[in-house]
Amino acid sequence: MVGEPELEPLVGPPPDEGPIDRSLLPFSATADPQGRLSVGGVDVLDLADEFGTPLFVYDEAHLRDRCRQAVAAWGDGVAYATKAFLCTAMARLAHEEGMCLDVSTGGEMHVALSAGVPADRLVLHGNNKSEEELAAAVAAGVGRVVIDSFDEIERLGRLLEGSTRGHGGRRTADQPLSVLVRVTPGVEAHTHEFVRTGQDDTKFGFGLASGAAKTALAAVRANPALEAVGLHAHIGSQVFLAESFAEESRILGRFLAPLRLPELCIGGGLGVPYVAGESAPSLAEWAAAVLQACREAGVPERTRITAEPGRAIVATAGMTLYRVGTIKELPGLRTYVSVDGGMSDNPRPVLYGSGYEAFLPRALDATRPRAVRVVGKHCESGDVVVPDARLPADLAVGDVLATPVTGAYGYSMASNYNKVPRPAVVFVTGGEARVVVRRETDEDLTRLDS
Ligand code: LLP
């Protein structure tokens, strides 16, 4: 056990005593006359009984709807940022709904390709792509590589020279690799500093202010094996202000306008509400703000302006179900409600001080007068799931407790800390549930050991 960590930075206003705000739930959430929650036409408590807890539950119709909204807002080329949540079923779903896929490692690329997503629908990111990752991308024929460093330009040059000589690559000399150059626009997005990426002091991309972006573009253009098709930038994640993206777009747009590049990708980062009272622009409002700013900056009509949302596609579609194991009341201090997961299935409260809400799926419309701290089962005090939760008065050991808006960066950042097996993931729709990622077993915990 470690000492008491600093819990002060945990943010978000404590939720009020009212029932959970239904706008935080997936679209298909309904309650029966007794207040029992169903998602996708499936009773949530039955899901907990059948598949166990902790359990990630995604509303498949919600996921599909968000993908469609993204394609409607941005047009062809908009990519789902798979780092937010990726498994075979999710890769297929995003592809079926017309999105490209943003993959930021060889591992994400592997999952997308093995799910059957055509390589030309993939965009490969990464500030430190290895030779193996680049070679795999070239061999598969990925649609776009986003160049992040001068070393990478050199590495790709060497690799493509090799592949045109018949070293296993599919490309030929007259088929240059399409690349975007990642630019750092010098924008400080209003979000947590760990997920802010657009400022000058960053490991990502080439700075505009320093002139590095211009030099990188010239280096790419000087290499016949590479074709610079556009610019890319990403200012950060969980950004609530459309104006931050508009500012980014104006800066990039002014740089791009004279360059005759056919594409501009402004990255991901659209925020989503996690607790009652927060609000974020819609996918359509986000796109409209960016398009308008690009036009103001002189970006020609024919330029394809696109984006790569992750969180905004999957966050609200997902929720986590836990089982309450103990309730500990410390008189005059607080009540701790321990659940059967924690920082291994949702490290965001620990990493970023992220706020969440909690509710009981058996009593969706119940008031929540009881102020508690929901904690996990891991061996440290920082293992907090919801720092300031409100729950119904009759909360009891054995209850299924849900945290909504856990569809993004929950499962994807899950770990086996304390050798806790990772939860299962189910997609629900039309009254059916299907397991898309099975629960890990104790055997899985030793399968890499020798
Ligand atoms: N494009 C690039 C180049 C990115 O780096 C990211 C996220 C995205 C798109 C998608 O951003 P989104 O739309 O999901 O905000 N683990 C953190 C978030 C890290 C985001 C990293 N990059 C969290 O849990 O809040």
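The values are calculated or read from the model by the stated rules, or taken from the named source; none is laboratory data. On a predicted model such as this, the values are computed, not experimentally measured, just so you know. Cβ: placed from backbone, ideal geometry, glycine included. Neighbour counts: every protein chain shown. Surface accessibility is based on the protein's heavy atoms, side chains included, excluding ligands, DNA and RNA. Shrake-Rupley method; radii C 1.70, N 1.55, O 1.52, S 1.80 Å.
Observations on the structure shown:
- Test: A297 is in the same structural domain as L241 (by TED's automatic domain parsing), more than 12 Å from the ligand (Cβ to nearest atom), open to solvent by 10 Å² or more (accessible area, probe 1.4 Å) and not β-branched (V, I, T): yes
- Residue-level check: of (1) in contact with a Lys or Arg (Cβ under 9 Å, 6 or more places away or on another chain); (2) more than 15 Å from the ligand (Cβ to nearest atom); (3) assigned to a loop (DSSP other than H, G, I, E, B), A408 misses just (2).
- Condition check for A79: of a type in the set (G, A, S) and in contact with a helix residue (DSSP H, G or I) (Cβ under 6 Å, 6 or more places away or on another chain): no
Yes/no per residue for (1) at pLDDT 90 or above; (2) more than 28 Å from V142 (Cα to Cα):
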residue	(1), (2)
A173	no, no
T184	yes, no
A222	yes, no
L241	yes, yes
S244	yes, yes
E247	yes, yes
L252	yes, no
P258	yes, no
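- Out of F27, F85, F56, F51, sole residue that is of a type in the set (A, V, I, L, M, F, W, C), modelled with pLDDT of 95 or more and within 13 Å of the ligand (Cβ to nearest atom): F85
- Hey, D365 in contact (Cβ under 8 Å) with a residue 12 or more places away in the chain, farther than 27 Å from R439 by Cα and away from the ligand (no atom under 14 Å from the Cβ) or not: yes
- Counted residues, region 68-82 - those being within 13 Å of the ligand (Cβ to nearest atom) and assigned to a helix (DSSP H, G or I): 3
- L401 vs. criteria assigned to a strand (DSSP E or B) and assigned by TED's automatic domain parsing to the domain that holds G342: yes
- The residue that is farthest from the ligand (Cβ to nearest atom), among those in region 260-294 that are charged (D, E, K, R) and within 24 Å of V123 (Cβ to Cβ), is R260.
- Of all residues making up region 332-344, the number that are out of contact with any Phe, Trp or Tyr (no Cβ under 7 Å at 6 or more places or on another chain) and buried (at least 19 other Cβ atoms within 10 Å of the Cβ): 3
- The residues in region 313-326 that are open to solvent by 50 Å² or more (accessible area, probe 1.4 Å) and of a type in the set (V, I, T) can be counted, and the count is 1.
- Any pair with Cβ under 7 angstrom, 6 or more apart, that starts in region 393-418 at a residue that is of a type in the set (G, A, S) and open to solvent by 10 Å² or more (accessible area, probe 1.4 Å) and ends at one that is within 15 Å of the ligand (Cβ to nearest atom) and outside any helix (DSSP H, G or I): S412/F85; S412/L86; A414/S344; A414/D345; S415/S344
- Top-ranked residue of region 96-133 - restricted to ones that are assigned to a helix (DSSP H, G or I) and either over 19 Å from V146 (Cβ atoms) or within 13 Å of the ligand (Cβ to nearest atom) (or both), ranked as most open to solvent (accessible area, probe 1.4 Å): E96
- Test for T320: is it modelled with pLDDT of 95 or more, in contact with a Cys (Cβ under 8 Å, 6 or more places away or on another chain) and within 15 Å of the ligand (Cβ to nearest atom): no
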